[in-house]
Amino acid sequence: MSDWHSWAAIAVFAGAYALIISEKVHRVAAALGGAGLMLAIGATDDGAAFHSDETGIDWNVIFLLMGMMMIVGVLRRTGLFEYLAIWSVKKARARPFRVMAMLIVMTALASALLDNVTTVLLVAPVTLLVCDRLRLSPVPFLIAEVLASNIGGTATLVGDPRNIIIASRAGLTFNDFLVHLAPLCVVLVGVLVLLCRVMFAKHFVYDEKRAAELMDLREREAITEPRLLAQGLGVLALVVAGFVLHPVLHYEPSVVALLGAGLLIAISKVETGEILGEVEWPTLAFFAGLFVMVGALIETGVIGSLAGSLADAIGGDALGGSMMLLGGSAVLSGIIDNIPYVATMAPITSELVGDMGGDPDHVMWWALALGADLGGNATAVGASANVVVLGIAERNRHPISFWEFTKYGLVVTMATVALCALYLWLRYFALAG
């Protein structure tokens with residue numbers, strides 16, 4: 001690719017990103033328009049955009065989302081989410097902040113076992129119903145949950161696709177992530193709860209009369225189709241088992257989700273057209289456009305140049321390098337999709353680790369994982385879970401603007417990344433001797 005293609009790709013990406021931020025054009029139109037321009041100017045081609053795992057549409061993500069949206073669509077018909085909403089409100093004694101704290105912890109724990117996109121697809125409907133019961137705006141609760149999902153997903157190998165890429169390149173195990181990242185993530189979840197108490201304080205309005213009415217509800221009465229519920233939960237359990245057993249079965253999560261969706265529709269005999277209507281098609285289209293645009297930046301060498309410059313600046317300084325990698329990854333992951341960034345940066349990090357001794361659990365790997373995973377919280381398009389939640393909120397008539405999400409996401413990202421820097425310094429340098 002020529003320099004002209006590189007600069008043109010940067011201009012198209014920056015223009016599309018500016019439109020997404022300004023919200024003068026719907027984000028789906030901006031992403032698809034940007035993708036079309038990338039193809040038109042030759043920054044990428046149809047082969048790279050539609051058939052390459054590294055520089056094109058990540059069909060695994062698209063079909064994972066589609067399959068899980070269909071399963072969630074079936075479960076929604078059973079009354080399960082109403083049941084969980086009433087149960088959680090009663091456990092929290094209808095106190096809004098307690099409800100948020102409970103949902104944050106539940107989301108973080110689930111994201112450590114599932115991928116964070118699947119988690120928010122399951123938790124968001126419950127949240128909408130909880131807030132409807134409490135007569136509260138769901139926007140702060142949804143934002144808090146997506147931030148929790150990205151933090152919780154950082155804790156384990158299976159919690160975030162970026163961790164799988166890093167583990168594959170570095171030779172890290174599930175237990176390595178538990179030992180090195182899980183304790184920190186527990187602390188970060190606690191910090192998130194405290195930050196949410198401050199950031200969303202005005203939204204925690206307690207209605208004593210409303211609370212008394214909710215405490216009298218019987219959650220079991222919310223279940224309208226017990227047979228369908230049993231079928232749905234059975235299939236969901238199989239799907240979750242398929243996700244967890246990925247290292248053994250070697251089935252991609254997208255395959256597992258689609259098999260689960262197909263099985264559930266077949267055994268339940270629900271109307272296929274109705275379930276397809278539950279799919280967030282605008283969200284999938286947005287992802288497709290974003291993947292093509294980021295892929296064009298990879299094709300033209302823009303992302304490779306950024307990663308190479310970061311590697312050159314790091315040199316052989318482990319302490320300075322880990323801090324730079326942590327901060328640089330957090331910044332870049334808030335702007336571009338962080339899966340292709342990690343895929344590009346992983347081999348470069350491998351070379352850096354080799355020059356510094358070659359330990360498989362070297363601090364540089366944890367700096368990359370923490371920066372890329374937590375940096376996704378910075379903006380509304382920084383991580384897949386963010387985009388999914390924005391789509392769900394918009395569909396349910398509670399739109400979350402780019403800036404509304406980002407003003408909270410930036411605060412949480414800066415606080416958590418700063419704590420990560422302290423953690424890396426303490427654990428791998430100050431106390432290592």
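The values are calculated or read from the model by the stated rules, or taken from the named source; none is laboratory data. Quick caveat, the model's predicted, so the values are computed rather than measured. Backbone-built Cβ (ideal geometry, glycine too); neighbour counts: all protein chains shown. The accessibility values were calculated without ligands, DNA or RNA, using every heavy atom of the protein model including side chains. Shrake-Rupley method; radii C 1.70, N 1.55, O 1.52, S 1.80 Å.
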Residues of segment 46-93 satisfying the condition of being in a helix (DSSP H, G or I), under 24 Å from V294 (Cα atoms) and open to solvent by 60 Å² or more (accessible area, probe 1.4 Å): D46, F50, H51, W59, N60, F63
Lone unmet requirement of (1) out of contact with any Phe, Trp or Tyr (no Cβ under 7 Å at 6 or more places or on another chain); (2) part of a helix (DSSP H, G or I); (3) at pLDDT below 85 for L39: (3)
Check on R197, open to solvent by 10 Å² or more (accessible area, probe 1.4 Å), modelled with pLDDT of 90 or more and basic (K, R): yes
Of residues in segment 136-182 being of a type in the set (G, A, S) and within 30 Å of N396 (Cα to Cα), the one farthest from the chain's Cα centre (by Cα): S137
Subset of segment 395-421 that is basic (K, R) and over 18 Å from the mean Cα position of the chain (by Cα) - its residue that is least open to solvent (accessible area, probe 1.4 Å): R395
Subset tally (residues that are over 28 Å from N386 (Cα atoms), free of Cβ contacts under 8 Å to residues at least 12 places away in the same chain and in a helix (DSSP H, G or I)) for segment 258-283: 1
Residue in segment 155-174 that is of a type in the set (A, V, I, L, M) and open to solvent by 70 Å² or more (accessible area, probe 1.4 Å) present: no
Matching entry among C185, C196 (being assigned to a helix (DSSP H, G or I) and over 16 Å from the mean Cα position of the chain (by Cα)): C196
Residue list for segment 275-287, filter: open to solvent by 20 Å² or more (accessible area, probe 1.4 Å) and at pLDDT 85 or above: L276, G277, W281, P282, A285
Residue list for segment 257-274, restricted to those being open to solvent by 10 Å² or more (accessible area, probe 1.4 Å) and modelled with pLDDT of 90 or more: L258, L259, G262, L263, I265, A266, I267
Cβ-Cβ under 9 Å pairs, at least 6 apart or on other chains, segment 171-185 side over 16 Å from H246 (Cα atoms), far side open to solvent by 20 Å² or more (accessible area, probe 1.4 Å) and of a type in the set (K, R): H180/R427; L184/R427
Some residue of segment 122-131 being open to solvent by 50 Å² or more (accessible area, probe 1.4 Å) and free of Cβ contacts under 8 Å to residues at least 12 places away in the same chain: no
Failed condition for L142, given (1) part of a loop (DSSP other than H, G, I, E, B); (2) closer than 20 Å to W87 by Cα; (3) in contact with a His (Cβ under 9 Å, 6 or more places away or on another chain): (1)
